[in-house]
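Some notes on the structure that comes next.
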Amino acid sequence: MNNPSNIRLSTFYADSISNRESIRIIFDKVSEVDNFSVDFENIDFISRAAAHELAVYLERYQNRGKSISLLNVAPSVNQMLETVAESKKVDYKKATFIERISFKNENEMEAYLLSI
């Protein structure tokens, strides 16, 4: 990476970023840089997982007083970043509700397990 103060994602990725590790690799390259920009030019897609990882890094770096700018963000990428930001505001995960079941004895548990 020639200029760690400006990370041009299209140097590393074709037109999409689809996993958390892709974001980690980029941020590992700038761990010692205090002010930098992330240029999304030619990046048309970011997965929810990658967007979440980016949000985590942005928050972490900003809490350390580092300045990070996002440049040339496509509307579809911006929408995913906004979706992740909204979901981070929720105290619980909607898809992670776990119903707790209790059984009086092993026979009752076995009957339940055989029924599903």
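The values are calculated or read from the model by the stated rules, or taken from the named source; none is laboratory data. Because the structure is predicted, anything quoted here is derived from the model rather than measured. Heads up, the Cβs are rebuilt from the backbone with ideal geometry, glycines too, and the neighbour counts pull from every protein chain shown.
Could you say whether any residue in segment 19-32 is of a type in the set (D, E, K, R) and over 18 Å from I68 (Cα atoms)? Yes, some residue in segment 19-32 is of a type in the set (D, E, K, R) and over 18 Å from I68 (Cα atoms). In segment 1-22, the residues that are surrounded by fewer than 13 Cβ atoms within 10 Å (Cβ to Cβ) reach residues that are of a type in the set (D, E, K, R) and modelled with pLDDT of 90 or more with C-beta atoms within less than 8 angstrom, at least six apart or across chains, in these pairs: D15/D44.
Does L54 satisfy the condition of being surrounded by fewer than 19 Cβ atoms within 10 Å (Cβ to Cβ) and either aliphatic (A, V, I, L, M) or touching a helix residue (DSSP H, G or I) at 6+ places or on another chain (Cβ under 6 Å) (or both)? So that I can check it myself, show each step before the final result.
Details: surrounded by fewer than 19 Cβ atoms within 10 Å (Cβ to Cβ): no; either aliphatic (A, V, I, L, M) or touching a helix residue (DSSP H, G or I) at 6+ places or on another chain (Cβ under 6 Å) (or both): yes.
Considered against the rule, which asks whether it is surrounded by fewer than 19 Cβ atoms within 10 Å (Cβ to Cβ) and either aliphatic (A, V, I, L, M) or touching a helix residue (DSSP H, G or I) at 6+ places or on another chain (Cβ under 6 Å) (or both), L54 comes out as no.
Scanning segment 27-58 for residues that are among the polar types (S, T, N, Q) and under 16 Å from I7 (Cβ atoms) yields S31, N35, S37, N42. Residues of segment 26-36 include none that is surrounded by 14 or more Cβ atoms within 10 Å (Cβ to Cβ) and hydroxyl-bearing (S, T, Y). A residue that is under 19 Å from N19 (Cβ atoms), in a helix (DSSP H, G or I) and among the aliphatic types (A, V, I, L, M) cannot be found anywhere in segment 67-76. Restricting E32, E41 to residues that are outside any helix (DSSP H, G or I) and either within 16 Å of L9 (Cα to Cα) or aromatic (F, W, Y) (or both) narrows the list to E41. Within segment 15-29, restricting attention to residues that are in a helix (DSSP H, G or I) and among the hydrophobic types (A, V, I, L, M, F, W, C), the residue that is nearest to Q79 (Cα to Cα) is I23. Just need a number here: residues in segment 69-116 that are modelled with pLDDT under 90, closer than 21 Å to R48 by Cβ and of a type in the set (S, T, N, Q). Within segment 69-116, residues that are modelled with pLDDT under 90, closer than 21 Å to R48 by Cβ and of a type in the set (S, T, N, Q) number 2.
Could you please let me know if E59 is surrounded by fewer than 14 Cβ atoms within 10 Å (Cβ to Cβ) and either hydrophobic (A, V, I, L, M, F, W, C) or at pLDDT 85 or above (or both)? So E59 fits the description; yes.
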